[in-house]
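Let me begin by presenting the structure, written as structure tokens, before commenting on it.
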């Protein structure tokens with residue numbers, strides 16, 4: 001997926017570095033992962049940064065299932 005990004009300033013391997021974060025954030029759902037990467041790329045292009053960072057990934061809203069999965073469970 002990362003090899004398909006056409007962002008000028010993006011460093012190959014960045015997404016692999018954040019693999020555990022990406023899995024936890026998306027609940028292991030490929031559709032959620034695809035949406036997350038696509039939205040982050042669009043934001044990076046729009047803002048002119050042309051790279052995806054963990055901070056940028058944190059800003060992207062995901063589907064309800066992924067967001068629920070990523071939230072820590074409340075203690076009772």
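Checking the structure you have, find out if any residue of region 5-13 is without any contact (Cβ under 8 Å) to a residue 24 or more places away in the chain, part of a helix (DSSP H, G or I), surrounded by fewer than 17 Cβ atoms within 10 Å (Cβ to Cβ) and out of contact with any strand residue (DSSP E or B) (no Cβ under 7 Å at 6 or more places or on another chain). Checking region 5-13: not a single residue is without any contact (Cβ under 8 Å) to a residue 24 or more places away in the chain, part of a helix (DSSP H, G or I), surrounded by fewer than 17 Cβ atoms within 10 Å (Cβ to Cβ) and out of contact with any strand residue (DSSP E or B) (no Cβ under 7 Å at 6 or more places or on another chain).
Yes/no per residue for (1) over 16 Å from residue 2 (Cα atoms); (2) at pLDDT 90 or above; (3) in a helix (DSSP H, G or I):
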{"site": "25", "(1), (2), (3)": "yes, yes, yes"}
{"site": "31", "(1), (2), (3)": "no, yes, yes"}
{"site": "34", "(1), (2), (3)": "no, yes, yes"}
{"site": "37", "(1), (2), (3)": "no, yes, yes"}
{"site": "42", "(1), (2), (3)": "no, yes, yes"}
{"site": "66", "(1), (2), (3)": "yes, no, yes"}
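Filtering region 29-55 down to residues that are surrounded by fewer than 13 Cβ atoms within 10 Å (Cβ to Cβ) and touching a residue at least 12 places away in the same chain (Cβ under 8 Å), which residue is farthest from the chain's Cα centre (by Cα)? Among those that are surrounded by fewer than 13 Cβ atoms within 10 Å (Cβ to Cβ) and touching a residue at least 12 places away in the same chain (Cβ under 8 Å), it is 31.
The values are calculated or read from the model by the stated rules, or taken from the named source; none is laboratory data. Note that this is a predicted model, so its numbers are computed, not measured. No Cβ is skipped: glycine too gets one built from the backbone with ideal geometry, and neighbour counts run over all protein chains shown.
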